[in-house]
Amino acid sequence: MDLTYTQEEESFRAGLREWLARTLPQLPPRPDPLDWPGRRAYDMGWQRRLYDAGYAGLHWPVDAGGRGATPTQHLIFLEETEKAGAPYVGANFVGLLHAGPTIASEGTAEQRARWLPPVLRGDEVWCQGFSEPDAGSDLASLRTRAWRDGDDYVVSGSKIWTSHAEVADWCELLVRTTPVSDDVPKHRGISWLAMPMDAPGITVRPLRTLAGSTEFAEVFLDEVRVPVANRVGAENDGWRVTMVTLSYERGTAFVGEVVACRRVLGDLAREARKNGRWDDAVLRRRLGRLSAEFGALWRLTQWNVSESQRAGSGVPGVGGSVFKLRYSHARQELYEAAGEVLGPAGALDLGHEWTLDRLSSLSYTIAAGTSQIQQNIVAERILGLPKGR
């Protein structure tokens with residue numbers, strides 16, 4: 001498989017670098033990480049700049065409002081923006097990387113026209129309403145109920161770990177539209193809805209993380225009315241639609257972070273040389289192994305993208321689970337190494353970016369499907385091993 005870049009792709013890279021060099025110095029100061037309304041405004045402002053310059057939704061289909069760029073060009077975009085220190089998607093994470101691509105793949109023409117342009121322009125923010133207190137890794141056990149009442153679904157239940165709920169306009173919501181029975185197993189009877197976050201009956205309760213931030217929330221739903229027209233996919237076919245969402249979440253949503261981790265690795269080596277910890281041979285070997293690990297993850301990403309491009313689907317395959325599984329652990333190891341470089345005092349400094357990233361890295365083996373779930377997917381769908389009993 002040829003993983004080299006074409007002349008057209010290198011020309012795209014050069015144009016992007018030139019635009020970043022002109023644009024980044026014009027950005028306003030970044031807001032306080034704990035100020036989510038401020039972060040929303042900053043992130044949406046950056047998204048609007050991308051849209052105006054033709055870089056928003058690069059890899060989305062043209063009929064979904066995207067630019068129709070190749071997946072490889074999308075990788076180049078992620079690589080160059082991270083290297084340049086450009087803002088990440090931030091509050092637009094769910095809309096750009098989960099809900100948007102899902103609607104582009106599974107939505108009707110009317111749904112694409114309504115929801116995708118505001119995501120690309122930076123006008124609307126989405127949150128993810130999947131997990132529940134008793135349905136995390138076993139997501140299909142969800143209990144949030146939706147029943148038909150004319151042209152609406154009436155939704156009651158609760159969600160937890162809902163990303164960016166306190167600043168969101170819309171929620172990609174999983175609900176149970178048909179109860180589990182002998183004839184309806186738990187993976188059926190689920191539907192995927194787009195719920196307006198200003199609808200009556202919604203209560204958002206922010207959850208504070210170890211780092212003190214509130215990007216997650218509990219969401220309580222008390223007879224919330226959601227139009228049937230807001231259902232993406234057929235009724236009771238939501239589990240299949242959800243697999244499309246999770247394919248994007250595990251396959252491409254973390255790609256930009258691999259580039260960031262490679263940058264951090266170089267910063268760690270420089271800091272270790274400066275503070276004397278580079279003399280520790282064990283630490284040097286650890287950083288060297290991590291360098292090889294993240295280099296391999298980047299190559300795996302290129303391979304996954306090439307396979308998706310060759311298949312013509314545009315939807316990441318099960319190879320995304322291989323990536324997610326290894327990346328989660330590599331990220332944790334990276335920030336454990338950062339703790340060694342900083343030393344005991346620095347590792348406890350919550351004002352240091354590496355310390356905050358070390359705390360957040362603990363969630364990566366849980367978020368977007370636990371490592372145990374990813375191992376099962378790899379075992380059953382790639383290796384062809386029998387399901388456990």
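The values are calculated or read from the model by the stated rules, or taken from the named source; none is laboratory data. None of the values given here were measured: they were computed from a predicted structure. Because the Cβ atoms are built from the backbone with ideal geometry, glycine has one as well, and the counts that use them run over all protein chains shown. Just the protein is used for accessible areas: all its heavy atoms, side chains included, with ligands, DNA and RNA removed. Shrake-Rupley method; radii C 1.70, N 1.55, O 1.52, S 1.80 Å.
Screening residue 89 against (1) under 16 Å from the mean Cα position of the chain (by Cα); (2) open to solvent by 50 Å² or more (accessible area, probe 1.4 Å) leaves a single unmet condition, (2). Working only within the stretch 8-59, note down all residues that are within 13 Å of residue 76 (Cβ to Cβ) and among the polar types (S, T, N, Q). Passing the criteria: only 11. Restricted to the stretch 270-286, and to residues there that are in contact with a helix residue (DSSP H, G or I) (Cβ under 6 Å, 6 or more places away or on another chain) and of a type outside the set (Lys, Arg), the residue that is farthest from residue 339 (Cα to Cα) is 278. Every test in (1) modelled with pLDDT of 70 or more; (2) out of contact with any helix residue (DSSP H, G or I) (no Cβ under 7 Å at 6 or more places or on another chain); (3) not aliphatic (A, V, I, L, M) is passed by residue 239 save one, and that test is (2).
Taken together, the residues in the stretch 12-49 that are open to solvent by 20 Å² or more (accessible area, probe 1.4 Å), part of a helix (DSSP H, G or I) and acidic (Asp, Glu) amount to 1. Close contacts from the stretch 172-188, counting a first residue that is over 24 Å from residue 101 (Cβ atoms) and a second that is open to solvent by 70 Å² or more (accessible area, probe 1.4 Å) and not basic (Lys, Arg), with Cβ to Cβ under 6 Å and a gap of 6+ residues or different chains, come to 186/180. Scanning the stretch 57-100 for residues that are over 22 Å from residue 262 (Cβ atoms) and of a type outside the set (A, V, I, L, M, F, W, C) turns up 57, 61, 63, 65, 66, 67, 68, 70, 92, 95, 98, 100. Here residue 220 meets each of (1) out of contact with any Phe, Trp or Tyr (no Cβ under 6 Å at 6 or more places or on another chain); (2) aromatic (Phe, Trp, Tyr); (3) modelled with pLDDT under 95 with one exception, condition (3). Of all residues assigned to the stretch 244-253, at least one qualifies as being under 23 Å from residue 39 (Cα atoms) and in contact with a strand residue (DSSP E or B) (Cβ under 9 Å, 6 or more places away or on another chain).
Among the residues of the stretch 225-244, just one is open to solvent by 50 Å² or more (accessible area, probe 1.4 Å), in a helix (DSSP H, G or I) and farther than 20 Å from residue 186 by Cβ, namely 229.
The residue pairs whose first member lies in the stretch 120-139 and is surrounded by fewer than 17 Cβ atoms within 10 Å (Cβ to Cβ) and at pLDDT below 95, whose second member is in a loop (DSSP other than H, G, I, E, B) and among the β-branched types (Val, Ile, Thr), and whose beta carbons are closer than 8 Å, counting only pairs six or more residues apart or on different chains, are 133/160; 137/370.
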